[in-house]
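Student: Mind having a look at this structure? Questions to follow.
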Amino acid sequence: MKIGFAGAGAVGCHYGSKLQQAGFDVLLLARGNHLKALQAHGLRHKSENTEISIAISATDKAEDLNTCQVIILCCKMTGLSNMLSTIQPFISPDTLLVTLQNGVEAPDLLRTTFPNNSIAAGSAFIGARIAQPGHIIHSAAGGIRMGLWQTGSGDHYLHTLMEAFQRASVPIRIESDPAAMLWRKLLWNCGFNAITAITRRYAHDTAANHETLIIVEQAMQETVALAQSFGINLGEGDIHKHIHITLSMGPVKTSMWQDIEAGHTTEVDFINGYIARKTEEKQLSATANRFLTTLIHAIEQNHH
Ligand SMILES: NC(=O)c1ccc[n+]([C@@H]2O[C@H](COP(=O)([O-])OP(=O)(O)OC[C@H]3O[C@@H](n4cnc5c(N)ncnc54)[C@H](OP(=O)(O)O)[C@@H]3O)[C@@H](O)[C@H]2O)c1
């Protein structure tokens, strides 16, 4: 089985490297200086305090993905639509497609472009970043959870993929309710991701501070209300669990904080912005999520 990573940055290179080290055939679709570095020098991959350099196949030609039985979409949400139209002409209907984006919209976006393919919705529970082109640092956790979103002739690859991750020592769990899984992760991101980027304070400090915790809780309550209106199995108990776990978290820089520091566009429109937009479509308001989205947009505009 050959596994392709479409948009191989931090997440794609980390899992691609793990699978290749476990003996699987891997292809990375990348671009820019990162691709040039991968092709010229291979991948430098630091994980669990060990750094290795490996030769790995990398391309910017979407048609090369047609040799893969499984394709893991691992670009950010901001580039996903463009990625799907780029690869669409080259994907066989027997291919299993897997999403790993934050937010809850990726699997349905795939469904519209690939109405006949098997689609699995996944979440990566990891801290990883591109330190320099061709150089990935994995600094926290690393598990994947996924579940089937749309059935097709490639469903059987899900089991094979699970075994491949196990062989690569990636903690993997198959979810029977992938929508609830995506929403549970979105819940944490709505509460903590934007506010830590705005205040530049770690999530555990944000949770421990009475004033910021009020904003976190309001953003999370709005998320739960929207989820429940869609029939998703999410409740107040999930908010308490997230806050409890966050209080014991180490100093992890959230993705929006990293994006703001690097001058990149964040995924806020797919996190807090999604909750605000979808709630407003129901003629209701999601004040905390709208407020956090507006502040992140304002900070992003400073870069332009
Ligand atoms: N990193 C983490 O620790 C982590 C943890 C959990 C979840 N996630 C989620 O996982 C997803 C991926 O995150 P990430 O941190 O891996 O992002 P990333 O490091 O920015 O990697 C995405 C890569 O895809 C490339 N790309 C985008 N469109 C492309 C195209 N059409 N052709 C070729 N390459 C393309 C990007 O290139 P450019 O830079 O040129 O755009 C970038 O190198 C996000 O939704 C994120 O929220 C990340």
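The values are calculated or read from the model by the stated rules, or taken from the named source; none is laboratory data. Keep in mind it's a predicted model, so treat the numbers as computed, not measured. A quick note on method: Cβ atoms are made from the backbone with ideal geometry, for glycine too, and the neighbour counts reach across all protein chains shown.
Student: Pairs please, first residue from segment 293-304 and surrounded by 10 or more Cβ atoms within 10 Å (Cβ to Cβ), second anywhere and in a helix (DSSP H, G or I), Cβ atoms under 6 Å, 6+ apart in sequence or on different chains.
Tutor: From segment 293-304, the pairs are Thr293/Val268; Thr293/Asn272; Thr293/Gly273; Thr293/Ala276; Leu295/Ile198; Ile296/Ala194; Ile296/Val268; Ile299/Ile260.
Student: Filter segment 9-33 for residues that are within 14 Å of the ligand (Cβ to nearest atom) and in contact with a Gly (Cβ under 6 Å, 6 or more places away or on another chain) and give the result.
Tutor: Answer for segment 9-33, where residues must be within 14 Å of the ligand (Cβ to nearest atom) and in contact with a Gly (Cβ under 6 Å, 6 or more places away or on another chain): Leu27, Leu28.
Student: Among the residues that make up segment 63-79, is at least one of them polar (S, T, N, Q), loosely packed, with under 14 Cβ neighbours inside 10 Å, within 26 Å of Thr151 (Cβ to Cβ) and in contact (Cβ under 8 Å) with a residue 60 or more places away in the chain?
Tutor: Just the residues of segment 63-79 that are polar (S, T, N, Q), to begin with: 66-67, 69, 78.
Still in the running and loosely packed, with under 14 Cβ neighbours inside 10 Å: 67.
Subset that is within 26 Å of Thr151 (Cβ to Cβ): 67.
Applying the additional criterion that residues be in contact (Cβ under 8 Å) with a residue 60 or more places away in the chain yields 67.
Yes, because at least one residue in segment 63-79 is polar (S, T, N, Q), loosely packed, with under 14 Cβ neighbours inside 10 Å, within 26 Å of Thr151 (Cβ to Cβ) and in contact (Cβ under 8 Å) with a residue 60 or more places away in the chain.
Student: Now a separate question. Return the residues of segment 134-144 that are surrounded by fewer than 16 Cβ atoms within 10 Å (Cβ to Cβ) and either near the ligand (Cβ under 8 Å from one of its atoms) or under 19 Å from Val98 (Cα atoms) (or both); say none if nothing qualifies. Walk me through it before giving the result.
Tutor: Filtering segment 134-144 for residues surrounded by fewer than 16 Cβ atoms within 10 Å (Cβ to Cβ) gives 140-141, 143.
Hits for segment 134-144 are Ala140, Gly143.
Student: Across segment 4-24, what is the total count of residues that are out of contact with any Ser or Thr (no Cβ under 8 Å at 6 or more places or on another chain) and of a type in the set (D, E, K, R)?
Tutor: Total satisfying the criteria: 0.
Student: Being crowded, with 24+ Cβ neighbours inside 10 Å and within 13 Å of the ligand (Cβ to nearest atom) is the filter here, so list the residues in segment 108-122 that pass it.
Tutor: Listed by number, the residues that qualify are Ala121, Gly122.
Student: When you check Ala131 against the structure, is it in a strand (DSSP E or B) and within 12 Å of the ligand (Cβ to nearest atom), yes or no? Steps first, answer last, please.
Tutor: Working: in a strand (DSSP E or B): yes; within 12 Å of the ligand (Cβ to nearest atom): yes.
Judged against the criteria, Ala131 is a match.
Student: Filter segment 98-127 down to residues that are in contact with a Ser or Thr (Cβ under 7 Å, 6 or more places away or on another chain) and assigned to a strand (DSSP E or B) and give me whichever is farthest from Thr50 (Cα to Cα).
Tutor: Ser118
Student: Still on this structure, I have one more. Among the residues of segment 237-265, how many are surrounded by 15 or more Cβ atoms within 10 Å (Cβ to Cβ) and part of a helix (DSSP H, G or I)? Before the answer, list the steps.
Tutor: Of the residues in segment 237-265, the ones surrounded by 15 or more Cβ atoms within 10 Å (Cβ to Cβ) are 238-239, 242-243, 246, 252-260, 264-265.
Retained after the next criterion (residues that are part of a helix (DSSP H, G or I)): 238-239, 242-243, 246, 255-260.
Within segment 237-265, residues that are surrounded by 15 or more Cβ atoms within 10 Å (Cβ to Cβ) and part of a helix (DSSP H, G or I) number 11.
Student: Let me ask something else. Just for strands (runs of 3 or more DSSP E) wholly inside segment 40-89: which have at least 1 residues that are within 12 Å of the ligand (Cβ to nearest atom), in contact with a Gly (Cβ under 7 Å, 6 or more places away or on another chain) and under 27 Å from Asn116 (Cβ atoms)? So that I can check it myself, show each step before the final result.
Tutor: Working: elements: 43-47, 50-54, 57-59, 70-73.
Per the criteria, 70-73.
Student: Kindly indicate whether any position in segment 124-140 is over 30 Å from Asn33 (Cβ atoms) and outside the structural domain of Pro251 (by TED's automatic domain parsing). Steps first, answer last, please.
Tutor: Filtering segment 124-140 down to residues over 30 Å from Asn33 (Cβ atoms) leaves none.
No: zero hits.
Student: Please find, within segment 17-44, the residue that is surrounded by the most Cβ atoms within 10 Å (Cβ to Cβ) out of those that are under 14 Å from Asp64 (Cβ atoms) and under 18 Å from the mean Cα position of the chain (by Cα).
Tutor: The first filter runs over segment 17-44 and keeps only residues under 14 Å from Asp64 (Cβ atoms), leaving 25-31, 35, 38-39.
Right, trim to under 18 Å from the mean Cα position of the chain (by Cα) and you get 28-30.
On the way: Leu28: 28, Leu29: 26, Ala30: 25.
Out of the qualifying residues, it is Leu28.
Student: Tell me which residues, restricted to segment 90-99, are away from the ligand (no atom under 12 Å from the Cβ) and either surrounded by fewer than 14 Cβ atoms within 10 Å (Cβ to Cβ) or not hydrophobic (A, V, I, L, M, F, W, C) (or both).
Tutor: Ser92, Pro93, Asp94, Thr95
Student: Within segment 267-281, restricting attention to residues that are within 13 Å of the ligand (Cβ to nearest atom) and either part of a loop (DSSP other than H, G, I, E, B) or outside the structural domain of Trp257 (by TED's automatic domain parsing) (or both), which residue is farthest from Lys76 (Cα to Cα)? Steps first, please.
Tutor: So the first thing to find is which residues in segment 267-281 are within 13 Å of the ligand (Cβ to nearest atom), and the list is 267-271, 274.
Filter once more, keeping what is either part of a loop (DSSP other than H, G, I, E, B) or outside the structural domain of Trp257 (by TED's automatic domain parsing) (or both): 267, 271.
Details: Glu267: 7, Ile271: 12 Å.
So the residue we want is Ile271.
Student: Here's a follow-up. Listed residues Leu295, Leu247, Leu226, Leu284; which is under 14 Å from Asn189 (Cβ atoms), modelled with pLDDT of 95 or more and away from the ligand (no atom under 16 Å from the Cβ)? If you could, list the steps in order and put the result at the bottom.
Tutor: Details: Leu295 fails: under 14 Å from Asn189 (Cβ atoms); Leu247 fails: under 14 Å from Asn189 (Cβ atoms); Leu284 fails: under 14 Å from Asn189 (Cβ atoms).
Answer to the check: Leu226.
Student: Let me ask you something else. Under 9 Å by Cβ, and 6 or more places apart or on different chains, what pairs join a residue from segment 10-27 that is under 12 Å from Lys46 (Cα atoms) and modelled with pLDDT of 95 or more with one that is charged (D, E, K, R) and within 15 Å of the ligand (Cβ to nearest atom)?
Tutor: Listed by first residue and then by second, the contacts come to Ala10/Arg129.
Student: So which residues in segment 204-252 are touching a residue at least 60 places away in the same chain (Cβ under 8 Å) and of a type in the set (D, E, K, R), if there are any at all?
Tutor: Glu222
Student: Does segment 108-167 hold any residues that are without any contact (Cβ under 8 Å) to a residue 60 or more places away in the chain, under 19 Å from Gln20 (Cβ atoms) and charged (D, E, K, R), and which are they?
Tutor: Selection gives Glu163 alone.
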